[in-house]
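The values are calculated or read from the model by the stated rules, or taken from the named source; none is laboratory data. Only a predicted model underlies this, so the values are computations on that prediction, with no experimental measurement involved. Cβ placement follows ideal geometry from the backbone for every residue including glycine, while neighbour counts extend to all protein chains displayed.
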Amino acid sequence: MTNLRQQWLHGFLEMCLLSLLVDGPDYGLGLSERLAASGLGDVPGGTLYPSLLRLEKQGLVSVSWQHSTTGPRRKYYELTEQGRRAVRELADSWAHFRSSVDTLTMGVRND
């Protein structure tokens, strides 16, 4: 099941990252910690940072470097207007998709 969970995470990670950034800018480690706290588990840097780079290249996030009081500068990610539109569209699509899957699996689960 771990492999399946990882496959799902790869499919939805960018939507999850955009959703976290709705609250405001954050840096990689902060995003990773928030993903883990939400129940998604640890997301390795080799998965997280390529996703953030794709979001940047798509124009959905902008980046800035900020000084840290506890170490080296941090690269912060922030939603662009295009990113805000995209995350709303993704959330709507996800709600429809989730509803469809829930309908199909309702009788199968051990709730």
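Values for this structure:
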quantity	calculated
Which listed residue is on the phi < 0 side of the Ramachandran plot, touching a Phe, Trp or Tyr at 6+ places or on another chain (Cβ under 7 Å), polar (S, T, N, Q) and not in a loop (DSSP other than H, G, I, E, B), from Ser64, Ser93, Ser32	Ser64
Among residues of the stretch 9-27, those that are over 11 Å from the mean Cα position of the chain (by Cα) and surrounded by 11 or more Cβ atoms within 10 Å (Cβ to Cβ), counted	3
Residue list for the stretch 48-63, restricted to those being more than 23 Å from Leu9 (Cβ to Cβ) and surrounded by 14 or more Cβ atoms within 10 Å (Cβ to Cβ)	Ser62
Matching residues in the stretch 28-37 - criterion: being surrounded by 15 or more Cβ atoms within 10 Å (Cβ to Cβ) and of a type outside the set (A, V, I, L, M)	Gly28, Ser32, Arg34
Gly59 vs. criteria of a type outside the set (A, V, I, L, M, F, W, C), assigned to a helix (DSSP H, G or I) and modelled with pLDDT of 95 or more	no
Extreme residue, surrounded by the fewest Cβ atoms within 10 Å (Cβ to Cβ), among residues of the stretch 64-111 that are small (Gly, Ala, Ser) and within 25 Å of Trp8 (Cβ to Cβ)	Gly107
